[in-house]
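Okay, structure first, notes after.
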Amino acid sequence: MLLDSVCLSQRPKLRFNSKIAEILASPRQSVPMESFSQNPSLWQPNRQASQQTDLLVRSILGLFSFVSVATTAGIVLTLFFETVDFFRVIPIWRFFSETRWTPLFASAQFGIIVLISATVLTTSIAIAVALPLGLLSAICLSEYASPKVRQILKPALEVLAGVPTVVYGYFALLFVTPLLQKIIPGLQGFNALSAGMVLGIAITPLIASLSEDAIYAVPRSLRDGSYALGATKRETIVSVVLPAALSGIVASVILAVSRAIGETMIVAIAAGQNATLGLNPLVSTMTMTAYIVQVSLGDTPAGSIAYQTLFAVGTTLFVMTLGLNVFSFWFVRRFREKYD
Amino acid sequence: MQSPTAVLSARSVSVYYGSSLAVRQVSLDIPRGEIVAFIGPSGCGKSTILRCFNRMNDLVASARVEGQITYNDRDLYGPKVDAVAIRSRIGMVFQRPNPFPKSIYENIAFGARINGYRGNMDELVEGSLRRAALWDEVKDKLRDSGLALSGGQQQRLCIARAVAIQPEVILMDEPCSALDPISTLRIEELIKELSGDYTIVIVTHNMQQASRVSDRTAFFNAEATDAGSKVGYLVEYDRTERIFHEPAQEATRDYVTGRFG
């Protein structure tokens, strides 16, 4: 004890050790010993009360998480039963084989393929815009930007994510469409092209931000390993960093796809309400979400077949996004690299 | 006085991180074909100096190197020197094995490909893996991920990867500190086998390792500054048996006999 304190106090250069030395060198009786005594009357924990508090906290937390699970279950069940009712009247083969979507007309047809084609079209255009924009800005932000540039760029990108989609919708309709019409003469006032492009802008921050996280998470040691072999920065990014971040990048893209599929306002405003089958981006078209808006806003009586189409379309939408999420979940687990 | 056989030679090299000095005034020569060990307590700057030799410190924005380092008598930090080209001549193996998340084959082929290798890739991969004493263990699973190997195998893969681009010098930054004793022994044997063909500089915490593998040993120490940080400096550099048996400095003797550090 004494020896230790002497040794330590001889090394005043090391700051922490010198503090220890001070404590060790100080006379023992200066420590207020009463508070460290073994007197049991000073220690009376209420174990039972803390157990009850624990139980209460656990119940409250459980209740709240149950509410969200119950809500999901409620939505799924509602969709399911209403959809079953719909298919009792309209056979499922008509739903998938008819090539026109006219549930509100006298000669009603229910070819969901019409709405799916529109959704696929706008989503594809959106991804064609958002994937290069998002991925390149993610690479720029995480690999090339100086801290200063990053400080400006990143919030600017995140502002995009905060723009209300209705604003995007009118931006597409009133700004992008007239602009495009100057380049493409045959472009209709409502069209999938401008809706899809603006939809792409809207999901760019999602891809950029999640891909950047994935790229950022690639350990420094991997980049060092690549540089140490004489790789340039570009070679390191293309051949080492991006492949290592692939699972996260793919997950971000899939999330963006399901967001684009479910996105409503932009397509409802800018793509029009004209349910036509085909993948022509220059004409007006109606996506699944736009149809749901149209019917919800109208005076469709509850229980009618037109009303029930809402749920059939909603279920289709739900199954598509669920499928994508399951795929992304599987993909990430399958291809994620574990670094320790 | 620069010995004629020195591959790398440092003269009064100081390294700063930002405004704080990390290592001061290091001068030493790395003779061709020898194994040089850097030993010393944590924070003494031995890894920092090592990373100056292949300009890995360039990648740290705040790092600044003063003094002169020559590689084959040419200024390593000269204005016309391309750091990327330097790193393909002076390879590096890191503290923790860091194979790329690619197949074992691609781990080796990557370096060769970016350096414009035009020969037979299969032969190069096999030769490099044999050189790193890994071939027999992985020859049937070259398509498997490099990350599926054990830690010791991963480190030998990293050595194979460094050897594949046929550098002149291999820098090793505590290559065994994350490995178990048996893997460590295998890597040490491998280092000795490589010594004839390559100049190797190895940083190690393990003094027995330095005495087992190296021809020369440099002992670094650190001292505290008034600002509370530590500055490393070279205490003594000599043939390994002298450093361990009759060191000139008392601090070296204290360190190698385990009295501190």
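The values are calculated or read from the model by the stated rules, or taken from the named source; none is laboratory data. Everything numeric here is computed off the predicted structure, so don't read it as measured data. Note: ideal-geometry Cβ built from the backbone for every residue, glycine included; neighbour counts use all protein chains shown. Side chains included, ligands, DNA and RNA excluded: accessible areas come from the protein's heavy atoms. Shrake-Rupley method; radii C 1.70, N 1.55, O 1.52, S 1.80 Å.
Could you give the dipole magnitude of the protein assembly as shown about its Cα centre, charging the beta-carbon of Lys and Arg +1 and that of Asp and Glu -1, in debye to the nearest 20?
Result for the protein assembly as shown is approximately 500 debye, rounded to the nearest 20.
Once the Cα atoms of helix B:121-131 and of chain B are each reduced to a long axis, what angle between those two axes, in degrees from 0 to 90 to the nearest 10, is obtained?
The answer is roughly 50 degrees.
What does the buried accessible surface come to for A and B, summed over both chains, with the probe at 1.4 Å? Round to 100 Å².
Buried surface at the A/B interface: approximately 1900 Å².
Suppose all protein chains stay in the model; what accessible area per residue would a 1.4 Å probe give for the stretch A:49-95, in Å²?
So the stretch A:49-95 comes to 77 Å² accessible per residue, rounded to a whole number.
Using only the Cα atoms of chain B, construct the convex hull and provide its projected area averaged over every direction, in square nanometres to one decimal.
14.5 nm²
Taking the simple approach of a point 7 Å from Cα along Cα-to-Cβ for both B:Leu59 and B:Thr5, what is their distance in nm?
Rounded to a tenth, the inter-label distance reads 3.2 nm.
Hey, which of these cross-link pairs are over 30 Å Cα-Cα: A:Lys154/A:Lys233; A:Lys154/B:Lys46; A:Lys148/A:Lys182; B:Lys139/B:Lys192; A:Lys148/A:Lys233?
Beyond 30 Å: A:Lys154/B:Lys46; A:Lys148/A:Lys182.
If I take R0 = 51 Å and measure r between the Cβ atoms of B:Ser20 and B:Asp136 in this structure, what FRET efficiency does the formula 1/(1 + (r/R0)^6) give, to the nearest 0.05?
Efficiency computed from Cβ-Cβ geometry: 0.60.
Quick one: Karplus J couplings for the stretch B:77-92, per residue in order, coefficients 6.51, -1.76, 1.60, θ = phi - 60°, nearest Hz, x for Gly and Pro?
For the stretch B:77-92, the Karplus curve yields 9, x, x, 9, 8, 8, 4, 5, 5, 4, 5, 7, 9, 10, x, 8 Hz.
Among A:Thr72, A:Thr102, A:Thr53, whose mean-square fluctuation peaks in a Gaussian network model of chain A (Cα, cutoff 10 Å)?
Of A:Thr72, A:Thr102, A:Thr53, the Gaussian network model singles out A:Thr53 as fluctuating most.
For B:Ala63, which sequence-distant residues (separation of 5 or more, or a different chain) have an amide H within less than 5 Å of its own amide H, given hydrogens modelled in the peptide plane?
The answer is B:Gly18.
Report, as an integer, the average count of C-beta atoms from other chains found within 10 Å of each Cβ along B:224-234.
1
Which angle from 0 to 90°, rounded to the nearest 10, does the C-alpha axis of helix B:104-114 make with the longest principal axis of chain B?
Between helix and principal axis, roughly 70 degrees.
Pull up the cross-link candidates among the aspartates and glutamates for B:Lys141, meaning alpha carbon to alpha carbon under 19 Å and not fewer than 8 places away within one chain.
A:Glu337, B:Glu106, B:Asp122, B:Glu123, B:Glu126
With the full set of protein chains in place, find how many percent of the accessible area of the stretch A:112-335 is carbon and sulfur; take the probe as 1.4 Å.
Answer for the stretch A:112-335: carbon and sulfur cover 72 percent of the accessible area.
Using modelled backbone amide H atoms (1.01 Å from N, in-plane), which distant-in-sequence or interchain residues come within less than 5 Å of B:Phe38's amide H?
For B:Phe38, whose amide H was placed from the backbone, the distant partners under 5 Å are B:Ile202, B:Val203, B:Thr204, B:Ala218.
Mind jotting down the three principal axis lengths of chain A based on Cα atoms? Whole angstrom, largest first.
Extents along the principal axes, in whole Å: 100, 62, 36.
Relative to the present Cα-Cα distance, how much length would full extension add between A:Tyr144 and A:Asn274 at 0.36 nm per residue of separation?
Between A:Tyr144 and A:Asn274, full extension yields 42.3 nm more.
Rounded to the nearest 500, what is chain B's calculated 222 nm mean residue ellipticity when only DSSP H runs of at least 4 contribute -39500 (n - 2.57) each, over all residues?
-9500 deg cm²/dmol
I'd like the Kirkwood hydrodynamic radius of the protein assembly as shown, using the inverse of the mean 1/r over distinct C-alpha pairs, in Å.
Radius from the Kirkwood sum: 29.9 Å.
Tell me, what ³J(HN,Hα) does each residue in the stretch B:21-35 have, in order and in whole Hz, if you take phi through Karplus 6.51 cos²θ - 1.76 cosθ + 1.60 with θ = phi - 60° and put x for Gly and Pro?
Working through the residues one at a time gives 6, 9, 9, 10, 6, 9, 10, 7, 10, 9, x, 4, x, 9, 9 Hz.
Can you tell me the relative contact order of the stretch A:107-225? Whole percent, Cα pairs under 8 Å, sequence separation 6 or more.
Relative contact order for the stretch A:107-225 comes out at 47 percent.
With the dipole of chain A worked out from charges on the C-beta (+1 for Lys and Arg, -1 for Asp and Glu) around the Cα centre, which of A:Gly298, A:Gln151, A:Leu222 lies farthest toward the positive end?
Result: A:Leu222.
Roughly how crowded by other chains is peptide B:82-91, in terms of the mean Cβ count from those chains within 10 Å of each of its Cβ atoms?
3
Within the stretch A:300-337, list the residues whose amide N lies under 19 Å from a label point set 7 Å along Cα→Cβ of A:Ile113.
Hits in the stretch A:300-337 for A:Ile113 at 19 Å: A:313, A:316-317, A:320.
Name the residues whose placed amide hydrogens come within less than 5 Å of the amide hydrogen of B:Tyr77, ignoring near sequence neighbours (fewer than 5 apart) on the same chain.
So B:Tyr77 has HN proximity to B:Ile69.
Rounded to a whole number, what % of the accessible area of the stretch A:49-95 do carbon and sulfur atoms account for, probe 1.4 Å?
75 percent
Using a 1.4 angstrom probe on the protein heavy atoms only, line up B:Thr225, B:Thr257, A:Thr309 by accessible area, largest first.
Of B:Thr225, B:Thr257, A:Thr309, the descending order of accessible area is B:Thr257, B:Thr225, A:Thr309.
Would you look at the GNM of chain B, springs on alpha carbons closer than 10 Å, and say which of B:Ser128, B:Ser27, B:Ser12 moves the most?
Largest GNM mean-square fluctuation: B:Ser12.
Label B:Arg113 and A:Leu63 with points 7 Å out from Cα along Cα→Cβ: what is the distance between them in nm?
5.9 nm
Per residue, how many Å² of accessible area does the stretch A:120-267 show with a 1.4 Å probe?
It amounts to 43 Å² per residue over the stretch A:120-267.
Which positions within the stretch B:111-127 get 30 Å² or more of their accessible surface covered by the other protein chains, compared to the chain by itself, with a 1.4 angstrom probe?
Listed by number, the residues meeting the 30 Å² cut-off are B:Ile114.
With springs only between Cα atoms under 10 Å apart, run a GNM on chain A and tell me which of A:Ser258, A:Ser247, A:Ser239 wobbles the most.
Among A:Ser258, A:Ser247, A:Ser239, the largest mean-square fluctuation in the Gaussian network model of chain A belongs to A:Ser239.
When ligands, DNA and RNA are left out and all protein chains stay put, how many square angstrom of accessible area per residue does chain B have with a 1.4 Å probe?
43 Å²
Enter the accessible area of B:Phe219 (Å², nearest 10), with the probe set to 1.4 Å and all protein chains included.
Surface open to solvent at B:Phe219 totals about 0 Å².
May I ask you to evaluate 6.51 cos²θ - 1.76 cosθ + 1.60, the Karplus curve with θ = phi - 60°, for each residue of the stretch A:138-153 and list the ³J(HN,Hα) values in order in whole Hz, giving x for glycine and proline?
4, 5, 4, 5, 7, 10, 10, 5, 6, x, 5, 4, 4, 4, 8, 5
Whenever you get a sec, compute what percent of the accessible area on chain B sits on carbon and sulfur atoms (1.4 Å probe).
Percent of accessible area from carbon and sulfur atoms in chain B: 45.
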